[in-house]
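Remarks on the structure that follows.
The values are calculated or read from the model by the stated rules, or taken from the named source; none is laboratory data. These figures come from a predicted structure and were not determined experimentally. Note that each Cβ is placed from the backbone with ideal geometry, even for glycine, and that neighbours are counted across all protein chains shown. What goes into the accessible areas is simple: the full protein's heavy atoms, side chains included, and nothing from ligands, DNA or RNA. Shrake-Rupley method; radii C 1.70, N 1.55, O 1.52, S 1.80 Å.
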Amino acid sequence: MAMIDEPLYPIAVLIDELKNEDIQLRLNSIRRLSTIARALGEERTRKELIPFLSENNDDEDEVLLAMAEELGVFIPYVGGVEHAHVLLPPLETLCTVEETCVRDKAVESLCRIGAQMKENDIVDWFIPVVKRLAAGEWFAARVSSCGLFHIAYPSASDQLKTELRTIYGQLCQDDMPMVRRAAASNLGKFAATVEQSHLKTEIMSIFDDLTQDDQDSVRLLAVEGCAALGKLLEPQDCVAHILPVIVNFSQDKSWRVRYMVANQLYELCEAVGPEPTRADLVPAYVRLLRDNEAEVRIAAAGKVTKFCRILSPQLAIQHILPCVKELSSDSSQHVRSALASVIMGMAPVLGKDATIEQLLPIFLSLLKDEFPDVRLNIISKLDQVNQVIGIDLLSQSLLPAIVELAEDRHWRVRLAIIEYIPLLASQLGVGFFDDKLGALCMQWLEDKVFSIRDAAANNLKRLAEEFGPEWAMQHIIPQVLEKINNPHYLYRMTILQAISLLAPVMGAEITCQKLLPVVINSSKDRVPNIKFNVAKVLQSLVPILDQSVVEKTVKPCLVELSEDPDVDVRYYANQALQACDQMMVSS
């Protein structure tokens, strides 16, 4: 009897759990659908589980979302591709739910299933689903249908294709703006499956209607369609149909549409080609850079380098640079920040002379901007300018500003400068570095912010690697070791960290002679945090030092620390002693 009842058990439990008041139980059972389907077998999954899920009218969106997701990968559990159509009814129901994320997931799952179905199954089962949803009374069904046409269309007969194009055209003129928005956002995908002859006629007339829609939310989605359709059309058709639309959109009364154009402009330029870009889109772009809405200027400013790459340097200097100068003193800090993040990339495009004459003053003004993000964005891209104008000019013009930023009141700006120092050092060379930046690197070891002290210690290691141990022995080690007597224990900890980072670069001899005595001496510190950091540092030095030094100097110190009254000090000292013993055994 138990054997007969067993297959019924999973579905009975599932039904109970799906009707349970506790949402977590319902969610768990949905997420276990694949396990339950395996237990039931393919046939019973098709005949019992899927029909039950079709009738399940749970009102919790979270449960429905999980179900839509699970059904998308359910083809193996219903017997493979030839039975995939049984999954369509529950997903069709989910496509009519009010909650957007449930519908979107159901559409995604339907597309995944449709992409695997055989052609005749798509005609028999999938296309009827699309048509039913497109004719649904409730707007949610019509919205969902828009995302399915690109899967249904390629497998349809000529007659069905005509019908599908007509239905899509009707959806683009639906009374509900949400339906028109869905049609506009999916137009590119649908157009990619339509034959070239119908593309120029029917699809372009649908597109024209959408570009003149009275709702700005529909028009801004049509902007995305410009780029998608532009890639499908021949260049001459693109110039004839798409270019005028882009130019009009760049002057649209809604700032959201203009923002969308500014954001997509580079892709739109690629679609129409270089000549029309120079003739028609440069004036449009200049208008966007001078737009009265800050959001539009932000989007346009962020694309300035990409756009200049399409143009000749002369055109960029003539038309774009005056706008860039205006934007560098824009009233919105976010516009200046967006500009600062890309403006360095203009240097290679404009060449050396134009960079020195035109761009350097803009860089300097942005480096002195009151808003830290603007300064940060400039600092992090300095190497792009260095490649163009050379280090002498860079050091004369920008270095005073960098030194000023090294003491900036915002710690993130100081951090960005520190992280840039090794790159700057390698470009400036050792002599210049010692004169201008050496003192700064030491100063950061005693910063109030831990992240700065941490970065400063790492910075010293990278400088020692760049300039070599001999230079480090002369310029870094003495100053670092002096600071071990700082009255504040946090600064003494930073020095210990710096020693552990520098030791592998400096080698065994210098570590043994100069660094190790300082660490051993610190083990007598009165602060437990220093003592357990001494244990950690000694553990990191063991692989570098000779065995005799470890035996005579390191281990006695660790043994002493392992008997410390503080529990943490004892713990780390014992860890380090174990590491010493393992090293001895392995060697």
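Evaluate the charge dipole of the chain about its Cα centre and quote only its size in Debye, nearest 20, assuming +1 on the Cβ of each Lys and Arg and -1 on the Cβ of each Asp and Glu. Mind dumping the intermediate values first?
Working: 57 positive and 81 negative charges, 338 e Å.
Approximately 1620 debye in magnitude.
If DNA, RNA and ligands are ignored and the probe is 1.4 Å, what is the ranking of 132, 258, 44 by accessible area, most exposed first?
Descending order: 132, 44, 258.
Which percent of Cα pairs goes in each bin when the distances of region 206-292 are cut into 5 angstrom slices starting at zero?
With a bin width of 5 Å, the distribution comes to 3, 16, 31, 26, 17, 6, 1.
If the cut-off is a Cα-Cα distance under 19 Å, which lysines reach residue 524, setting aside same-chain residues fewer than 8 apart in sequence?
Output for residue 524: 483, 514, 536, 552, 555.
I'd like the distance between the alpha-carbon centres of region 80-155 and region 470-543, rounded to an integer number of Å.
Taking the Cα centre of region 470-543 as reference, the centre of region 80-155 is 67 Å away.
So which aspartates and glutamates pass the test for residue 352, namely a Cα distance under 19 Å, with those fewer than 8 places away in the same chain ruled out?
383, 392
Among 489, 23, 242, whose Cα sits farthest toward the positive end of the charge dipole of the chain (+1 at Cβ of Lys/Arg, -1 at Cβ of Asp/Glu, about the Cα centre)?
489
Any idea what the relative contact order of region 42-125 is, in percent, if you count C-alpha pairs under 8 Å spaced at least 6 apart? Working shown, then result.
Numbers: 85 pairs, mean separation 28.3, N = 84.
This gives 34 percent for region 42-125.
Per residue, how big is the convex hull of the chain when only Cα atoms are used? Give it in Å³. Don't skip to the end; give the middle numbers.
Details: hull volume 140.7 nm³, N = 587.
Looking at the chain, the number lands at 240 Å³ per residue.
Along the charge dipole of the chain, Cβ charges K/R +1 and D/E -1, which of 217, 421, 572 sits furthest on the positive end?
421
Rank these residues by their accessible area, most exposed first, probe 1.4 Å: 38, 290, 414.
Details: 38 150, 290 120, 414 25 Å².
The residues order as 38, 290, 414, largest area first.
Name the residue farthest towards the positive end of the dipole of region 27-119 from the options 68, 36, 89, assuming +1 on Cβ of Lys and Arg, -1 on Cβ of Asp and Glu, about the Cα centre.
Going by the Cα projections, it comes out as 36.
Between residue 574 and residue 448, what is the FRET efficiency for a Förster distance of 30 Å, r being their Cβ-Cβ separation, to the nearest 0.05?
Numbers: r = 34 Å, r/R0 = 1.12.
Taking R0 as 30 Å, the efficiency between residue 574 and residue 448 is 0.35.
Arrange the residues 488, 150 by how much accessible surface each exposes, largest first, with a 1.4 angstrom probe. Let's see the in-between values first.
Working: 488 80, 150 40 Å².
The residues order as 488, 150, largest area first.
Counting helices only, and only those DSSP H runs with n ≥ 4, report the 222 nm mean residue ellipticity of the chain as the sum of -39,500 (n - 2.57) divided by its residues, in deg cm²/dmol to the nearest 500. Please list the in-between numbers first.
Working: 38 runs with 386 residues, N = 587.
Result for the chain: -19500 deg cm²/dmol, rounded to the nearest 500.
Taking Cα pairs under 8 Å and at least six residues apart, what relative contact order does the chain come out at, in percent?
Numbers: 708 pairs, mean separation 28.9, N = 587.
This gives 5 percent for the chain.
Round to the nearest 10 and report in Å² the accessible area of residue 306, as given by a 1.4 Å probe over the protein chains' heavy atoms.
80
Lysine pairs in region 117-267 with Cα distance under 26 Å, only those 8 or more apart or on different chains: how many are there?
12
Aspartates and glutamates within cross-link reach of residue 461: Cα-Cα under 14 Å, excluding same-chain residues under 8 positions apart?
Cross-link targets: 419, 470.
Using alpha carbon centroids, what distance separates region 270-314 and region 212-251, in Å?
16
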